[in-house]
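Input: a single structure, listed below in structure tokens.
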Amino acid sequence: MSAAELAPASAEQRLVDHLRQTGKLDAEGSARAWRVFEHTRVSLTKILLELGLVPERELVSAFANGLGIPVADAADYPLEPVLGDSVTSRFLMDTKAVLLSATDDTVTVAAHDPLDAFLVDAIALATNRSVIVKAAPMNDIEEALRRLYSGGEAEALAAAGNASGATEADVARLRESASEAPVIRFVNGLISRAVEAGASDIHIEPLERRLRIRTRIDGVLKEEEAAAFELAPAIVSRLKIMSGLNIAERRLPQDGAVKLAVRGKEIDLRIATAPVTYGEAVAVRILDKSSVALDFDALGFDAEMQARLAVLLKRPNGIFLVAGPTGSGKTTTLYAALQTLNTSERKILSVEDPVEYKIAGVNQVQVKPDIGLTFANVLRAFLRHDPNVILVGEIRDPETARIAVQAALTGHLVLSTVHTNSAAGALTRLLDMHVEDYLLTSTIAGILSQRLVRVLCSACKERTVLGAEWAAELAALGHGANAAVYRAKGCTACHGTGYKGRSVVSELLVPGEPIRRMVSERASASQIHAAAVAGGMESLRRAGLRKVLEGVTTAEEVARVAQEES
């Protein structure tokens, strides 16, 4: 159907009416959208998405079912740009549209906003054809634009050059230098060595007089041999080209991704750039699916902790939280929990930022705040899909916290993470997010706080004894002051670090009546932690010390990652 056949006002009214009739939009939301529309005359589609009133997929469905506008599917997208001499890639990127096909008389376009009259009129004028519009989600549009125009992005980027400070000549030079054999070999070699060493990240940082490159292996940064400082722009541009980023934009942060085959393994790279004083810094996150075992045993949880977690995960409702700082393995633990729950009898939905590992049988959604697809909005939509289990990548704001609590109260098992240093701290963090104490105590099933410690290299670890500072804790575990343990030495097998791999240490807080009472009385995190330990919870530090006595890690590692609450 041509968008011109629908008068804008009537089309928008029919869209809202359809959303109301199908229960996707309530009266209050409808009135709010119309008020903004009347005041700004901004596209109603954009208003509905940016206010978070309707999820994008629901809106696309409404275009199809309420207005009779067809939805573009995967087979509709072309392999090569259509009418590239008439419509520029810059225009399509700005308007979020893709030309799908053309005849002598018509051109079919997939549009994120099929009610955009300017888009239709501009394409009709540029191509001298009538326009047939299909609706499409933003993800599909952006992926198609990236695929169709990434090779010839110079034109589009040069058009944006006034904003980024780059000219067409700048773009051409960057592309040429990034395509030179030495740069390609250096970047490929850097990625290959990092994957072989088991690194989780590569950090490329231009300093005042040199280019610093570091890899993060087992949670610790290690400096690598760097390239010449003059090659920094070419190296950054190479990584941008690989991940579909704008090589001309050097003043704003960007995020991209790419799949590679490295030494016979499929690797996902997440690439993030940021402007810094002496150029652009790049962080490359390496996701090696073949090296990640998503089960509790492989992560280092002992049999007793696995049994306690199994009891919590069998609950039909409630909230199970994993707490810890960035890089403590929280998301991997949640994925392991999902694997134990992932059966044909359960419907599981997850909302993440980003979706790091795809799990068969789980409906996973990537948040996109720029289009209104936030944690809270997806969670709200999820509740209409009758799930048994909901995974929320992170509870980071009061709205998400409240909806998670409501979901737990209405019969759902909710799994999520929160950035706190202890299990007790997660309770006070949720109180700070204005979750009512009586709701919190009635919904929290358990909180697991965890850290990752480096595992001693089996080829070179050496026996030693613990220092006097550990005497009291050793005594509490029934060991003398001279208990035999191991220290890190270093050899070629572990690249001289003394460690190879990581294992989890954790504490599990299951709130009983004393803890619930303390939460209601707004006790501090340290007071709640002390009460939990007195009630039988093994602290992170104590769990770490047990791993030291078992020869898994060192006391230095435990001291580095786990401190007792004071």
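The values are calculated or read from the model by the stated rules, or taken from the named source; none is laboratory data. Worth saying up front: this structure is predicted, and the values here are computed from it rather than measured. Cβ placement follows ideal geometry from the backbone for every residue including glycine, while neighbour counts extend to all protein chains displayed. Ligands, DNA and RNA are stripped out before the accessible areas are found, and what is left, the full protein with its side chains, is counted by its heavy atoms. Shrake-Rupley method; radii C 1.70, N 1.55, O 1.52, S 1.80 Å.
Some notes on this structure:
- Residue in segment 91-122 that is most open to solvent (accessible area, probe 1.4 Å), counting only those that are β-branched (V, I, T) and more than 36 Å from the chain's Cα centre (by Cα): T103
- Set side by side, the residues S344, S416 differ, and just one is small (G, A, S) and part of a strand (DSSP E or B), which is S416.
- Restricting attention to segment 486-543 and to residues that are part of a loop (DSSP other than H, G, I, E, B) and among the charged types (D, E, K, R), the residue that is surrounded by the most Cβ atoms within 10 Å (Cβ to Cβ) turns out to be E538.
- Residue, farthest from R396 (Cα to Cα), within segment 418-445, restricted to residues that are surrounded by fewer than 16 Cβ atoms within 10 Å (Cβ to Cβ) and free of Cβ contacts under 8 Å to residues at least 60 places away in the same chain: S442
Residues checked against (1) among the small types (G, A, S); (2) under 17 Å from K314 (Cα atoms); (3) without any contact (Cβ under 8 Å) to a residue 12 or more places away in the chain:
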| residue | (1), (2), (3) |
| --- | --- |
| K358 | no, no, yes |
| K368 | no, no, no |
| N388 | no, yes, no |
| V405 | no, no, no |
| L413 | no, yes, no |
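- Residue within segment 273-285 that is farther than 13 Å from E205 by Cα and either hydroxyl-bearing (S, T, Y) or modelled with pLDDT of 85 or more (or both) present: yes
- Per the listing T40, T88, the residue uniquely modelled with pLDDT under 75, open to solvent by 50 Å² or more (accessible area, probe 1.4 Å) and β-branched (V, I, T) is T40.
- Test result for I395, in contact with a Leu (Cβ under 9 Å, 6 or more places away or on another chain) and assigned to a loop (DSSP other than H, G, I, E, B): yes
- Evaluation of S449 against (1) part of a helix (DSSP H, G or I); (2) closer than 26 Å to L509 by Cβ (one fails), failing number: (1)
- Qualifying position, being in a loop (DSSP other than H, G, I, E, B) and either under 19 Å from L452 (Cα atoms) or out of contact with any strand residue (DSSP E or B) (no Cβ under 9 Å at 6 or more places or on another chain) (or both), among A298, A248: A248
- Check on A232, in contact with a Pro (Cβ under 8 Å, 6 or more places away or on another chain) and at pLDDT 90 or above: no
- Qualifying residue in segment 496-517 (condition: without any contact (Cβ under 8 Å) to a residue 12 or more places away in the chain and farther than 26 Å from G411 by Cα): yes
- For segment 392-417, filtered to residues that are hydroxyl-bearing (S, T, Y) and crowded, with 22+ Cβ neighbours inside 10 Å, the residue that is farthest from L509 (Cα to Cα) is T400.
- Scoring G551 on the criteria (1) surrounded by 19 or more Cβ atoms within 10 Å (Cβ to Cβ); (2) modelled with pLDDT of 90 or more leaves a single failure, condition (1).
- Test result for A33, modelled with pLDDT under 75, among the aliphatic types (A, V, I, L, M), open to solvent by 50 Å² or more (accessible area, probe 1.4 Å) and in a helix (DSSP H, G or I): no
- Matching residues, segment 123-139, being assigned to a helix (DSSP H, G or I) and crowded, with 20+ Cβ neighbours inside 10 Å: I123
- Subset of segment 99-142 (residues that are charged (D, E, K, R), at pLDDT 85 or above and under 20 Å from G66 (Cα atoms)): K134
- Applying a threshold of 7 Å to beta carbon distances and a minimum spacing of six or more residues, or different chains, the list of pairs starting in segment 457-470 at a residue that is on the phi < 0 side of the Ramachandran plot and ending at one that is of a type in the set (V, I, T) reads T464/V485; V465/V485; L466/V485.
- The one condition in (1) open to solvent by 60 Å² or more (accessible area, probe 1.4 Å); (2) more than 23 Å from G327 (Cα to Cα); (3) part of a helix (DSSP H, G or I) that R560 fails to fulfil: (2)
- Any hit, segment 353-368, residues being surrounded by 22 or more Cβ atoms within 10 Å (Cβ to Cβ), touching a helix residue (DSSP H, G or I) at 6+ places or on another chain (Cβ under 9 Å) and not hydrophobic (A, V, I, L, M, F, W, C): no
- Only residues that are open to solvent by 40 Å² or more (accessible area, probe 1.4 Å), in a loop (DSSP other than H, G, I, E, B), among the aliphatic types (A, V, I, L, M) and touching a residue at least 40 places away in the same chain (Cβ under 8 Å) were counted in segment 266-295, giving 1.
Conditions tested, residue by residue: (1) among the basic types (K, R); (2) over 19 Å from H479 (Cα atoms).
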{"position": "P511", "(1), (2)": "no, yes"}
{"position": "S520", "(1), (2)": "no, yes"}
{"position": "A523", "(1), (2)": "no, yes"}
{"position": "L540", "(1), (2)": "no, no"}
{"position": "R560", "(1), (2)": "yes, yes"}
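- Criterion: under 25 Å from the mean Cα position of the chain (by Cα) and open to solvent by 30 Å² or more (accessible area, probe 1.4 Å) - qualifying residue of I217, I204: I217
- Residue match in segment 309-321 (condition: surrounded by 15 or more Cβ atoms within 10 Å (Cβ to Cβ), modelled with pLDDT of 90 or more, assigned to a helix (DSSP H, G or I) and touching a helix residue (DSSP H, G or I) at 6+ places or on another chain (Cβ under 8 Å)): yes
- Pick from segment 458-481, criterion open to solvent by less than 80 Å² (accessible area, probe 1.4 Å) and part of a strand (DSSP E or B), ranking: modelled with the highest pLDDT: E462
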